[in-house]
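Enquirer: After the structure tokens below, expect a handful of questions from me.
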Ligand code: MRU
């Protein structure tokens, strides 16, 4: 995607270093962060320098390749430990495990093969999200008003994104679109990242407080909801950013189509239902404090809650399949049930 006239991916590898857009600094400053070792890449995933399902997957694949490079004599135990460390960074994101498993198998042949496999995963992410854009575009009518939650744009993938990819395609085809962007507390991925992406692309949008969605829906101001996914179970139950479930329940109540956009690499067919998905718990400080920049460019972290109170901070929630109208995948739009997901996986090989 273009940033200040230059084409960027969210994450890439050059030599043995992983480079990524520093997402914690956006939208205030645009910086590139370098990770020279698998441990540095792990930390970047954990502290959300890189975040979002596909971007985490690409980072994890690259981290595994870096681990293979670092492994010396005790190769097998070193790689087992490194893989466990990488997988512990963000437990809900299916793409992370998809990538570590693929690169683990590839690296058994050679270190070069591990690097090639990690690159293949990143390339597939680009192809898949582009295809999601083409399929999802069919759902978007001219003058559509679309609500999205969190950031499932190109910053959350290697390029294009999932929930935003159909919006980019529709816009590029000349459709008039308007996007309502949920702020997405506590990390503000909507207000900071989705809004920044849409602004870069010149797409009309407005940020809404998370709790404004019901009121806007009640007023008939939203035609369609599209969100991303972090892990989709075999029955279609979907883990996504906390607050997604609220939007799904509301969409159901107000009879608004509610779509999830995700590539097959986000599906976990070994997970029978949403009950089996592990939900990441993050630091209470993300709720108790907020960070940002003042108009003089100075960074501040301020408490926005009563001192002495604690907070609980689940990062994701589970939307039951019956609340989802359809899942936009790289192979087409499917209904969220077991049979359709089995069908989706027929013929999908490691590409
Ligand atoms: O915690 P994050 O920012 O890594 O969360 C991931 C997400 O961006 C969302 O849950 C998103 O909607 C799905 S991933 C593109």
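Enquirer: At what distance in angstrom do the alpha carbon centres of region 137-169 and region 290-310 lie from each other?
Expert: One Cα centre to the other: 30 Å.
Enquirer: Based on the alpha-carbon gyration tensor of region 132-248 and its eigenvalue square roots a ≥ b ≥ c, which shape applies: rounded if a/c is under 1.5, prolate if not and a/b is larger than b/c, or oblate?
Expert: On the way: a/c = 1.27, a/b = 1.10, b/c = 1.15.
Verdict is rounded for region 132-248.
Enquirer: For region 2-129, what relative contact order do you get, as a whole percent, if you take Cα pairs closer than 8 Å and at least 6 residues apart?
Expert: Numbers: 182 pairs, mean separation 28.7, N = 128.
After rounding, I find 22 percent.
Enquirer: Next question, about the same structure. Please give, to one decimal in nm, the separation of the simple spin-label points placed at residue 119 and residue 200, each 7 Å out from Cα toward the Cβ.
Expert: Computed distance between label sites residue 119 and residue 200 equals 2.4 nm.
Enquirer: Counting only DSSP beta bridges with both residues in the chain, tell me the antiparallel percent, nearest 5. Mind showing how you got there, number by number?
Expert: On the way: 25 of 44 bridges.
That works out to approximately 55 percent antiparallel.
Enquirer: Express the relative contact order of the chain as a whole percentage, based on alpha carbon pairs under 8 Å and six or more residues apart in sequence. Before the final figure, lay out each step's value.
Expert: Working: 741 pairs, mean separation 54.3, N = 351.
About 15 percent, as a whole number.
Enquirer: Find how many whole Å separate the alpha carbon centroid of region 66-116 from the alpha carbon centroid of region 199-225.
Expert: What the calculation gives is 40 Å, centre to centre.
Enquirer: Taking R0 as 35 Å, what's the FRET efficiency between residue 273 and residue 73 from their Cβ-Cβ distance, rounded to 0.05? Walk me through the numbers on the way to the answer.
Expert: Working: r = 43 Å, r/R0 = 1.24.
According to the calculation, E is roughly 0.20.
Enquirer: Which value in Å is the Kirkwood Rh of region 118-178 over different Cα pairs?
Expert: Working: mean 1/r = 0.0857 Å⁻¹.
Evaluated over region 118-178, this radius sits at 11.7 Å.
Enquirer: Could you give the nm distance between label points at residue 322 and residue 3, where each point is 7 Å from its Cα heading toward the beta carbon?
Expert: Going from the residue 322 label point to the residue 3 one covers 4.3 nm.
Enquirer: What FRET efficiency, computed as 1/(1 + (r/R0)^6) with R0 = 35 Å and r the Cβ-Cβ distance, is obtained for residue 337 and residue 298, rounded to the nearest 0.05?
Expert: Approximately 0.10, to the nearest 0.05.
Enquirer: For labels at residue 30 and residue 110 in the simple 7 Å Cα→Cβ model, what's the distance in nm?
Expert: Going by the 7 Å Cα→Cβ label model, 3.8 nm.
Enquirer: Sort 289, 316, 345, 258 so that the residue with the fewest other Cβ atoms within 10 Å of its own Cβ comes first and the one with the most comes last.
Expert: Working: 289 16, 316 27, 345 13, 258 23.
Exposure proxy ranking, most exposed first: 345, 289, 258, 316.
Enquirer: Right, next: Looking only at Cα atoms, what is the convex hull volume of region 141-344 per residue, in Å³? Could you put the intermediate results ahead of the total?
Expert: Values: hull volume 27.6 nm³, N = 204.
That works out to 136 Å³ per residue.
Enquirer: Picking from 139, 216, 193, which is most flexible by a Gaussian network model of the chain using Cα springs under 10 Å?
Expert: Of the options given, 216 has the highest mean-square fluctuation.
Enquirer: Using 0.36 nm per residue, how much length does the chain from residue 249 to residue 46 gain when fully extended, once their Cα-Cα distance is taken away?
Expert: Details: separation 203, 0.36 × 203 = 73.08 nm, distance 3.00 nm.
Taking 0.36 nm per residue and subtracting the Cα distance, the gain is 70.1 nm.
Enquirer: Select from 81, 120, 338 the residue whose mean-square fluctuation is largest in a Gaussian network model of the chain (Cα-Cα springs shorter than 10 Å).
Expert: It is 81.
Enquirer: With a ≥ b ≥ c taken as the square roots of the eigenvalues of the C-alpha gyration tensor of region 1-159, please select rounded if a/c is under 1.5 and otherwise prolate if a/b is larger than b/c or oblate if it is not?
Expert: Working: a/c = 2.11, a/b = 1.75, b/c = 1.20.
It comes out prolate by the Cα gyration axes.
Enquirer: Restricting things to alpha carbons, tell me how big region 6-81 is in terms of Rg and Dmax, in Å.
Expert: When restricted to the Cα atoms of region 6-81, Rg and Dmax are 13.0, 45 Å.
Enquirer: Mark the label point 7 Å from the Cα of residue 178 along Cα→Cβ and return the residues of region 193-220 whose backbone N is within less than 11 Å of it.
Expert: Answer for region 193-220: 204-206.
Enquirer: When only Cα pairs under 8 Å and 6 or more residues apart are kept, what is the percent relative contact order across region 152-231? Mind showing how you got there, number by number?
Expert: Working: 87 pairs, mean separation 22.5, N = 80.
Reported relative contact order: 28 percent.
Enquirer: Mean projection of the alpha-carbon convex hull of the chain over all orientations, in nm²?
Expert: Numbers: hull surface 72.6 nm².
That works out to 18.2 nm², a quarter of the Cα hull's surface.
Enquirer: Related question: Take the alpha-carbon positions of region 74-164, form their convex hull, and give its projected area averaged over all directions (one quarter of the hull surface) in nm². Don't jump to the answer; show the numbers that get you there.
Expert: Details: hull surface 28.1 nm².
The Cα convex hull of region 74-164, projected and averaged over all directions, gives 7.0 nm².
None of the figures in this text is laboratory data; all of them are computed from the coordinates on show. Since we're looking at a predicted model, the values are computed, not measured. Note that we place each Cβ from the backbone using ideal geometry, even for glycine, and neighbour counts take in every protein chain shown.
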